[in-house]
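S.K.: One structure is given below, represented as structure tokens, and several questions about it will come after.
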Amino acid sequence: MLRVESLSVSLPPTADRALALDGVTFDLSAGEILCVVGESGSGKSVTASAIMGLLAPGLAVVAGEISLGGVVLRGDAWRALRGRRIGMVFQEPMTALNPLMRVGTQIAEMWRVHTDLGRAEIAARSLRALEEVGLPDPQGALRAYPHQLSGGQRQRVMIAMALALEPEVLICDEPTTALDVTTQAQVLTLIRELQKRRGTAVLFITHDFGVVAEIADRVAVMQRGVIVEQGAAADVLETPQHPYTRALLAAVPALQAPPPRVLNDERVLEIEGLVKTYGARGMLRRRQPVRALDDVSLMLRAGSTLGVVGESGSGKSTLARCVAGMLRADAGLIRVAGEPMPKGRRAAARLVQMVFQDPYASLNPRRRVGEQVAQGPMALGTPRGQAMSEARALFELVGLDAEAVSRFPHEFSGGQRQRIGIARALAMKPRVLVADEPVSALDVSVQAQVLALLRDLQARLGLSILFITHDLRVAAQICDDVAVMQRGVVVEHGPVGTVFAAPKHPYTRSLLASVPGRAKVGA
Amino acid sequence: MKLLALAARRLAASLPALLLILIGLFLLLQLAPGDTVDALMAQMGGGDAAIAADLRRFYGLDLSVTARLGAYLWRLVTLDLGFSAIYGKPVASVILERLPATLLLMMSALFFAFSFGMALGVVAARRVNQWPDTLISTLGLIFYATPSFWFGLMAIVVFSVYLQWLPAGGFGDVAMGYTGWAAIWDTATYLVLPVLTLALIFLAIALRIMRASMLEVQGMDFVRTARAKGLSETRIVARHVLRNALLPMVTLIGLQAGTMLGGSVVVESVFTLPGLGRLAYESVVQRDLNTLLGIVFVSALLVIAVNFVVDLLYARLDPRIAG
Amino acid sequence: MRALRAFLHNPVAVAGAVLLGAVVLMALVAPLVFPGDPLGLAGRPLQWPGANPRFWLGTDPSGRDIAAQLFHGARISLLIGGTATVIAVVIGIVFGALAGFYGGVVDTVLMRVTEAFQTLPNFLLLLVLVAVFGSDLMTVVIAIGVVAWPPVARLTRAEFLTLRERDYVAAGRMQGLSDAHLIFREVLPNALPPVIVYASVVMAVAILLESALAFLQLSDPNVPSWGNLIGLGRTVLRSEWYVSAIPGVAILLAILGVSLVGQGLNDALNPRLASR
């Protein structure tokens, strides 16, 4: 059906390598799902845009060809194919739809442009398309503007639109990466069902081996623009041949927790009846108040890790920000080492520190990283010389070169920046370390390294960590205890092994059931 | 209904600024050396102190600053702008006589600058880094750098003195007694040069904003989606890019309304138009502070009104605003 | 360094720097080339350019040398543009930084004041200020600065609003750093590039405002301002149009230079946003 033959795509001269794709070859037959999997920068998304003929400016095909049904694609012929014979679903549902146009109009455009159907027929088909992708209120969705729909709903609209003209090929570029895990499971099921019913050939781009295990018939593994291994899904997942594939698979954390450690009973952090409500204020602006935290009580034991898991909107990040003192709770009490959290910034600095999610936003781009680590102790009275030598020692502790203190953030990779963020937090010798999704923005192999570092530091320094994550696999590997949050409420908590092996609350069960590839990968 | 609530909210939000302006200006004018009576006395060729004192009492200038501020604000609430000693008429009626010319000038210039700026910006963005873009962008830079009063003078030299196509100043030929279409045509010929002059810099700003906005929107995800849907480039621009790119342009109108009113001072004085701007200039020269305060008040109201319309327009264009 | 190299490799930026450099050069050599008082009587009034080799740009209606006024006028324009820009940028950054960093009541109060200034047509406000405080050079400069700051405040505030939410600012707060440290070392350096670029717009506006004021004969009559000369030329516009035309070209080129330098700075400091 679709054939990509020794395709090479060049990068702009300023890039770190010459070719985004280097001799990429694969076939996609009708009725099968081919997963292209790789880490960031592997060229998997470039492959998708090349097939659509929508390469970003600066990229160009320098060799090879793409053919659909035996006809080589090039030039103007492409536009006639797009939408009609090849559909595409993108990663970011929030920005992929025109914000100023009704959803119905955007879907109808497919038939309006590609067919001669009348208005009534188009309206009927639009409605049927939305019904088919399982939107709860298809009539209402047609009239809605994109911002009135949730991310999962928008992605369903995108799928409906991509499949409107029953194309032979559907390209999905990380379509579930921006979605919550339960929504992801639903969208994956939807794609699988529609593909089965219509016999569409699907090219599915992803970085997540769990998703691969869930959906793929065949797999192609990409590394730096080259396909290093391809084959049937079961073969690649169970008996990977290439060392890179093996390394990637090994880095996927197992959902099953290791045996529990022996913990002491000292409580370093106690949270009692914490309440936080957003958006109730304002006389003229009426908004539905949102209870981000609803009577949350938790306890963290010294030297252990308490995981807080949940989907977006569960309140887990609000909890982290309250504990870190960045937000003031409406009611409730936070005690660190037996004392209520002090109000003063400096007094609190010794008690709680935080590691942030986004490695690119958590360091000041215009200051040397060593300064950023040392400035905290200096603000509390440590002499400059001592603070800087402590910073150098910390850099070595987190696995960086001590000389790196005098460099600027842009000279480091994402994983290295996360290490610097950890060093910055440790410089204050806090009683509690709050880690807010510290590995979510990292590639799976880097993620494994940072998790190993955190475990190692905990063993060496006796760190007490409040670990916020949406990723149950990560939670299983790093946490001693886990608390599951849903809409501001802790629905279940206990030792991670117990909770994950025998979940009591239906929400915990549905979260665990939604983890992609739970039976096949990292088990 | 949501739109109305939004409108009311925006209008209420502009009241504190208006109050601040009035208090600030009133206090500022207290610092001015000499008052209306001094100016009046100078015009009468001097007079004794007793007459001056009587006049001061007559105009209420002998009261304390706070009392006069209170009185002034109260009179504004009742839309009484006071009395112009120079023109011998209530300020409100002096301003009302001059308002239509300025409004006509402003609206025409705004319309011209907006529509041509939009068109040129679209062309430039569609041909980015090719010769039409280079030409339009360069023209934009030059228009931006041209002082409007100088452009007006040079336009008079070329079109009125040498070519004699258009009148050099004034506002319609009353002596000819035109009616109907002839009168409109007559007024239009008088308006061409002032409108071009006033619009020049806004045209430059508008085309630059439109070009940048088009380029930004063209790189957005939903435009890529539109391409993936197989739409033609024309349809993508017309249906998806244009409306999104217009949003910053609408904001621009609100931001530039005040600057345009300021610009009309210069333009009206170059083309001797009987408008609000020229009145402001005259009242500065003649130290007619009541009139100057009145003009500033009316201008602030105008700017607020324009911004109000802009807010409504924006909410109409962008469904995310009204919810 | 990287920014400087980018600036020098940009033809737009270089063209602007050349134009602006020419104006600066005119200002520097003015007392050497035209040592006398540029506003003093030099010769017969209204001689066309080229008619008399002593006055290669001609004389104005009062018999003063136009070329001399042009060179000395460059000093006035640069002085006014520079000083008023500094005033406007300083006021704008202080207002914008405080409002954006602290938010809440501080933000509301400061933004109401900014809105008040923005609601007033700025040229009208300038007229009022000049009417009240007189029109000597320093007063005009300060008045222009006072009129031109609100956009700088808004821009700075917007930058601060996004930057203060950055994780590194939160991290600094948790490290116990003072507000002053956070504002000056963490936020301001990152907020500055767009403000610096916008300063070129403020400078262009300042030069235009002064020349318009001078054209209306409301600026300082005792200095050789380009706008003043255009205003004087108005009386003889129908015959000796060159009196108004020549200083206008000077203003145009000066502002063109400032704008191009600003555009070059923008491309150099924000490479991601560069459109060419």
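S.K.: Collect the residues in region B:124-138 that are within 12 Å of chain C (Cβ to nearest Cβ) and either without any contact (Cβ under 8 Å) to a residue 12 or more places away in the chain or of a type in the set (A, V, I, L, M) (or both), keeping them in residue-number order.
M.R.: B:A124, B:A125, B:V128, B:N129, B:Q130, B:T134, B:T138, listed by residue number.
S.K.: Quick one: what pairs do we get from region B:2-22, first residue away from chain C (no Cβ under 12 Å) and touching a residue at least 60 places away in the same chain (Cβ under 8 Å), second among the β-branched types (V, I, T) and in a helix (DSSP H, G or I), C-beta under 8 Å, 6+ apart or different chains?
M.R.: Pairs that qualify, where the first residue is away from chain C (no Cβ under 12 Å) and touching a residue at least 60 places away in the same chain (Cβ under 8 Å) and the partner is among the β-branched types (V, I, T) and in a helix (DSSP H, G or I), are B:L6/B:I321; B:L11/B:I304.
S.K.: For region B:139-169, what are the residues that are more than 7 Å from every other protein chain (Cβ to nearest Cβ) and small (G, A, S)?
M.R.: Answer for region B:139-169, where residues must be more than 7 Å from every other protein chain (Cβ to nearest Cβ) and small (G, A, S): B:G140, B:S148, B:G152, B:A155, B:S160, B:A168, B:G169.
S.K.: State the number of residues belonging to region A:101-128 that are in a loop (DSSP other than H, G, I, E, B) and out of contact with any His (no Cβ under 8 Å at 6 or more places or on another chain).
M.R.: Within region A:101-128, residues that are in a loop (DSSP other than H, G, I, E, B) and out of contact with any His (no Cβ under 8 Å at 6 or more places or on another chain) number 5.
S.K.: In region A:65-88, is there at least one residue being out of contact with any Phe, Trp or Tyr (no Cβ under 6 Å at 6 or more places or on another chain) and under 13 Å from A:E174 (Cα atoms)?
M.R.: yes
S.K.: Quickly run through region A:69-91 and pick out the residues that are under 25 Å from B:F222 (Cβ atoms) and touching a residue at least 60 places away in the same chain (Cβ under 8 Å).
M.R.: A:G83, A:R84, A:R85, A:I86, A:G87, A:M88, A:V89, A:F90, A:Q91
S.K.: Still on this structure, I have one more. Tally time: how many residues in region A:322-349 are farther than 23 Å from A:V450 by Cα, more than 8 Å from chain C (Cβ to nearest Cβ) and in contact (Cβ under 8 Å) with a residue 60 or more places away in the chain?
M.R.: Qualifying residue count, region A:322-349: 7.
S.K.: Hey, another quick one. Can you find even one residue in region C:84-106 that is among the hydroxyl-bearing types (S, T, Y), modelled with pLDDT of 90 or more, assigned to a helix (DSSP H, G or I) and more than 29 Å from A:R368 (Cα to Cα)?
M.R.: yes
S.K.: Restricting region B:234-272 to residues that are surrounded by fewer than 24 Cβ atoms within 10 Å (Cβ to Cβ) and closer than 22 Å to B:A168 by Cβ, which is farthest from the other protein chains (Cβ to nearest Cβ)?
M.R.: B:T272
S.K.: The conditions are (1) more than 30 Å from B:L27 (Cβ to Cβ); (2) touching a Leu at 6+ places or on another chain (Cβ under 6 Å); (3) crowded, with 20+ Cβ neighbours inside 10 Å, and B:L110 fails exactly one of them. Which is it?
M.R.: Looking at each condition in turn, B:L110 falls short on (2).
S.K.: May I pose another question? Could you say which residue among B:G117, B:G121 is surrounded by 21 or more Cβ atoms within 10 Å (Cβ to Cβ), within 13 Å of chain C (Cβ to nearest Cβ) and not β-branched (V, I, T)?
M.R.: Checking each option against the conditions leaves just B:G121.
S.K.: Quick one: which residue in A:E214, A:E270 is outside any loop (DSSP other than H, G, I, E, B) and in contact with a helix residue (DSSP H, G or I) (Cβ under 6 Å, 6 or more places away or on another chain)?
M.R.: A:E214
S.K.: Only one residue in C:A204, C:A191 is buried (at least 21 other Cβ atoms within 10 Å of the Cβ) and within 14 Å of chain A (Cβ to nearest Cβ). Which one?
M.R.: C:A191
S.K.: So for region A:158-167 (the condition being surrounded by fewer than 20 Cβ atoms within 10 Å (Cβ to Cβ) and out of contact with any helix residue (DSSP H, G or I) (no Cβ under 8 Å at 6 or more places or on another chain)), does at least one residue qualify?
M.R.: no
S.K.: Let me ask something else about it. Name every residue in region B:207-233 that is more than 11 Å from chain A (Cβ to nearest Cβ) and touching a Lys or Arg at 6+ places or on another chain (Cβ under 9 Å), in order of residue number.
M.R.: B:M214
S.K.: Modelled with pLDDT of 90 or more and either within 14 Å of chain B (Cβ to nearest Cβ) or loosely packed, with under 14 Cβ neighbours inside 10 Å (or both), is that true of A:Q91? Can you show your working first?
M.R.: Details: modelled with pLDDT of 90 or more: no; either within 14 Å of chain B (Cβ to nearest Cβ) or loosely packed, with under 14 Cβ neighbours inside 10 Å (or both): yes.
Criteria not met by A:Q91.
S.K.: Hey, can you tell me all the residues within region A:375-401 that are surrounded by fewer than 20 Cβ atoms within 10 Å (Cβ to Cβ) and among the aromatic types (F, W, Y)?
M.R.: Matches in region A:375-401: none.
S.K.: Could you tell me whether A:G41 is more than 26 Å from the chain's Cα centre (by Cα) and not in a strand (DSSP E or B)?
M.R.: It is false that A:G41 is more than 26 Å from the chain's Cα centre (by Cα) and not in a strand (DSSP E or B).
S.K.: In addition: Considering each of B:G88, B:G170 in turn, give the residue that is within 23 Å of B:G275 (Cα to Cα), within 22 Å of the chain's Cα centre (by Cα) and surrounded by fewer than 16 Cβ atoms within 10 Å (Cβ to Cβ).
M.R.: B:G170
S.K.: Across region A:64-88, which residue is farthest from B:S232 (Cα to Cα) among those that are assigned to a strand (DSSP E or B) and at the interface with chain B (Cβ under 7 Å from one of its Cβ atoms)?
M.R.: Looking at the filtered set, the residue picked out is A:M88.
S.K.: So, in region A:42-63, of the ones that are away from chain B (no Cβ under 14 Å) and of a type outside the set (A, V, I, L, M), which residue ends up nearest to A:R79 (Cα to Cα)?
M.R.: Filtering first and then ranking leaves A:T47.
S.K.: Going by the structure shown, is B:V309 surrounded by fewer than 17 Cβ atoms within 10 Å (Cβ to Cβ), farther than 19 Å from C:L124 by Cβ, free of Cβ contacts under 8 Å to residues at least 60 places away in the same chain and more than 10 Å from chain C (Cβ to nearest Cβ)?
M.R.: yes
S.K.: For region A:431-470, which positions are surrounded by fewer than 21 Cβ atoms within 10 Å (Cβ to Cβ) and over 18 Å from A:Q357 (Cα atoms)?
M.R.: A:R431, A:D456, A:L457, A:Q458, A:A459, A:R460, A:L461, A:G462
S.K.: Counting only residues that are part of a helix (DSSP H, G or I) and either free of Cβ contacts under 8 Å to residues at least 12 places away in the same chain or small (G, A, S) (or both), how many does region A:410-459 have?
M.R.: 11
S.K.: Which residue out of A:A292, A:A220, A:A257 is at pLDDT below 90, within 23 Å of the chain's Cα centre (by Cα) and assigned to a strand (DSSP E or B)?
M.R.: A:A292
S.K.: For the subset of region C:128-179 comprising residues that are acidic (D, E) and out of contact with any Gly (no Cβ under 9 Å at 6 or more places or on another chain), which member is farthest from the other protein chains (Cβ to nearest Cβ)?
M.R.: Going residue by residue through region C:128-179, those that are acidic (D, E) are C:136, C:159, C:165, C:167, C:179.
Filter once more, keeping what is out of contact with any Gly (no Cβ under 9 Å at 6 or more places or on another chain): C:136, C:165, C:179.
On the way: C:D136: 13, C:E165: 9, C:D179: 9 Å.
This residue is C:D136.
S.K.: Among the residues of region B:130-159, how many are in contact with a Lys or Arg (Cβ under 6 Å, 6 or more places away or on another chain) and closer than 23 Å to B:E233 by Cβ?
M.R.: Residues meeting the conditions: 1.
S.K.: Inside region C:220-255, can you point out the residues that are more than 10 Å from chain B (Cβ to nearest Cβ) and either charged (D, E, K, R) or not in a helix (DSSP H, G or I) (or both)?
M.R.: The answer is C:D220, C:P221, C:N222, C:V223, C:P224, C:S225, C:E240.
The values are calculated or read from the model by the stated rules, or taken from the named source; none is laboratory data. All figures in this text were calculated on a predicted structure; none of them were measured in a lab. Quick reminder, even Gly has a Cβ in these numbers, built from the backbone with ideal geometry, and neighbours come from all protein chains shown.
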